[in-house]
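To keep things clear, I will list the structure first and then write my remarks on it.
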Amino acid sequence: MKEKSKSSQQMKNNADMDLSQRLEAFETLQLKDDAAEVLKQALQLANDCQQVRKYDTAIAVLNKILLSQDASQNAVVQMALGVAYWEKAQLQKALNYFEEALTLFKETHDEVGEAAILSIVGVTFWRKCDWNKALDILRSTSRKNYNADHRFISLYGAFDRGIAALQNRVRMGRELQKPLKILQPLFALCALYWVMQNEDQFRACLDESTRLAEQLGEADILRVVKDLQIMAN
């Protein structure tokens, strides 16, 4: 057990060292004039920081490139900052950044950017159990495929991490054999699978959520399930 613990700690130390070196390299990169490369490196670095829960470091990296004269770049950075605060569980601050980013995406006629913003705003209200507002927002998205767009690497990184955390909670609920502890994270997964366009997992989660909600008499969830089924069809 001690050997395993030492090995895990060594891996963490190596990861921290690598991140520190990349942060130093990023400072040097900013001296160059290649704005596109600086943006790309900043977004990747911020996402990697969030992967290891260094949210404040990610925010610091993004703030360094926030005051660009390019509205399109600022929209992407504002969104990435919102995602960092979202993962930090500061939802209202995240929503403020998302609102700024959405305004800029609309000004620059970036429909993919708008869809990406609306997806996480919808999931945010779902996370707050404001399901009706979340559904209204998710209905309005065009579900454009932004998953392959490097500008939104922190967004789908956050979604992937959110899915993994919720899946773990579902597993714990199954181990405890407590239907409510299964239903809550399972129903939360529905929104994430929807925006990630994972149709099979969305249907599976929705079906099981329906069965559990019926078993537990969760009328509010059952009402939302019907709306989700209509939206999906």
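The values are calculated or read from the model by the stated rules, or taken from the named source; none is laboratory data. Note that the structure is a prediction, hence the values are computed from the model and not measured. Counting neighbours? That spans all protein chains shown, and the Cβs are built from the backbone with ideal geometry, glycine included.
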- Item | First in region 183-197 and of a type in the set (S, T, N, Q), second anywhere and modelled with pLDDT under 95 and surrounded by fewer than 20 Cβ atoms within 10 Å (Cβ to Cβ), Cβ under 9 Å, 6 or more apart | Q197/R143; Q197/N145; Q197/N147
- Criterion: closer than 18 Å to E199 by Cα, surrounded by 16 or more Cβ atoms within 10 Å (Cβ to Cβ) and not aliphatic (A, V, I, L, M) - qualifying residue of F125, F159: F159
- Among residues belonging to region 106-132 that are over 18 Å from the mean Cα position of the chain (by Cα) and not polar (S, T, N, Q), point out the one that is farthest from L91 (Cα to Cα). H109
- Mind counting the residues in region 78-117 that are of a type in the set (G, A, S) and at pLDDT 95 or above? 5
- Item | Condition broken by A213, with the remaining ones in (1) of a type in the set (A, V, I, L, M, F, W, C); (2) at pLDDT below 95; (3) in contact with a helix residue (DSSP H, G or I) (Cβ under 7 Å, 6 or more places away or on another chain) satisfied | (2)
- Scan region 25-40 residue by residue and report those that are part of a helix (DSSP H, G or I) and either surrounded by 10 or more Cβ atoms within 10 Å (Cβ to Cβ) or at pLDDT 80 or above (or both). A25, F26, E27, L29, A35, A36, E37, V38, L39, K40
- Note on the structure: By residue number, the members of region 168-187 that are assigned to a helix (DSSP H, G or I) and either more than 25 Å from the chain's Cα centre (by Cα) or charged (D, E, K, R) (or both) are R169, R171, R174, E175, L176, P179, K181
- Within region 84-94, track down each residue that is assigned to a helix (DSSP H, G or I) and among the small types (G, A, S). A84, A94
- Query: Restricting the first residue to region 95-124 and requiring it to be outside any helix (DSSP H, G or I), which pairs with a second residue that is surrounded by fewer than 19 Cβ atoms within 10 Å (Cβ to Cβ) and not hydroxyl-bearing (S, T, Y) meet a Cβ separation below 9 Å and a spacing of at least six or different chains?
  - Reply: T108/A71
- Query: Which members of region 43-60 meet the condition of being aliphatic (A, V, I, L, M), buried (at least 16 other Cβ atoms within 10 Å of the Cβ) and either over 18 Å from F98 (Cα atoms) or in contact with a strand residue (DSSP E or B) (Cβ under 7 Å, 6 or more places away or on another chain) (or both)?
  - Reply: L45
- Note on the structure: Every listed condition ((1) crowded, with 20+ Cβ neighbours inside 10 Å; (2) under 24 Å from R161 (Cβ atoms)) holds for N198 save (1)
